[in-house]
Amino acid sequence: MRIPPYYKRPGWQRFFAGIIIGMLIGWGFFVYHFGTIHDRLIIKLKTQEITIQNLNEDLEELRSTEKRLNEENQKKLTIQEIEVDFTNDKDLRLNELTIYELKSSVINELKGLKGKDIASVAETNDLMLKTIENKTFEIGETKYRLKREQVYLFTTLTLYLKIEIVTG
């Protein structure tokens, strides 16, 4: 058995030449498109790497700035709230209304301190306490004086005061 000689027939020669030329054109088309797509992907990857690097640098800068600002704010905190507690209100057996009125009177005396930074309040701490201690609070027909026992100064100013009834 013999393979027929296709190379001698011009129809088959054109067919095989067309297949080979088509494969070469197809291979060239594939290489061209693969190269352009690969170039685009490399460019996109490099731009994304640069963007990520820039964003990481910005993030580090923002973190350091935030840390610095937090440290500065920690140094310059402000008074947000004022609390008053009486140490001997149970011993004097004062009613709730009297205690509430005394607390509100003291808070009204100190309301100017809200929003001020803790450093300036700490500097004028003695003046603030002398203002409260030297004032006589009149509730109903009874007069009261307050003496400081403890003071805690942070974002909340907490005063522990002793109530004294003024006679005469």
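Things to note:
- A cut-off of 5 Å between modelled amide H atoms, ignoring neighbours fewer than 5 places along the same chain, links Lys143 with Val166.
- With 24 Å as the limit on Cα-Cα distance, the pairs of Lys44/Lys67; Lys67/Lys111; Lys90/Lys116; Lys114/Lys143; Lys135/Lys162 that go past it are Lys44/Lys67; Lys67/Lys111; Lys90/Lys116; Lys114/Lys143.
- Here the scattering of the stretch 6-75 is modelled by Debye summation over its C-alpha atoms, one equal scatterer each and no solvent; at q = 0.17, 0.24 Å⁻¹ the log10 of I(q)/I(0) is -0.79, -0.97.
- Rounded to the nearest 20 debye, dipole of the chain from Cβ charges on Lys, Arg, Asp, Glu: 1880
- Scattering from the chain was approximated by placing one identical point on each alpha carbon and applying the Debye formula without solvent; log10 I(q)/I(0) at 0.08 1/Å stands at -0.54.
- Selected from Pro10, Leu41, Trp27, residue furthest toward positive end of dipole (the stretch 8-67; charges at beta carbon): Pro10
- Calculated log₁₀ intensity ratio I(q)/I(0) where the Debye formula runs over C-alpha points of the stretch 81-168, q = 0.11, 0.18, 0.19, 0.21 Å⁻¹: -0.29, -0.76, -0.84, -1.01
- Point-charge dipole on Cβ atoms (K/R +1, D/E -1) for the stretch 6-75, about Cα centre, debye to 20: 980
- Projected label distance in nm at Lys143 and Val166, using a 7 Å step from Cα toward the beta-carbon: 0.4
- Binned Cα-Cα distance frequencies in the stretch 30-121 - 5 Å width, integer %: 2, 10, 10, 9, 7, 8, 7, 6, 6, 5, 5, 5, 4, 4, 4, 3, 2, 2, 1, 0
- The residue among Leu129, Phe154, Leu113 whose Cα reaches farthest toward the positive pole of the charge dipole of the stretch 58-168, with charges on the beta-carbon of Lys, Arg, Asp and Glu, is Leu129.
- Using only side-chain charges placed at the Cβ, +1 for Lys and Arg and -1 for Asp and Glu, the dipole size of the stretch 32-123 relative to its Cα centre rounds to 340 debye.
- Close amide H contacts of Lys135 (hydrogens built in the peptide plane, cut-off under 5 Å, sequence separation of 5 or more or a different chain): none are found.
- Span-like helix ranges in the chain, DSSP H, alpha carbon extent 18 angstrom or more, Kyte mean at least -1.0: 10-75, 96-110
No value in this document is a laboratory result; all are computed from the given coordinates. Small disclaimer: the values here were computed from a predicted structure and weren't measured. Note that we place each Cβ from the backbone using ideal geometry, even for glycine, and neighbour counts take in every protein chain shown.
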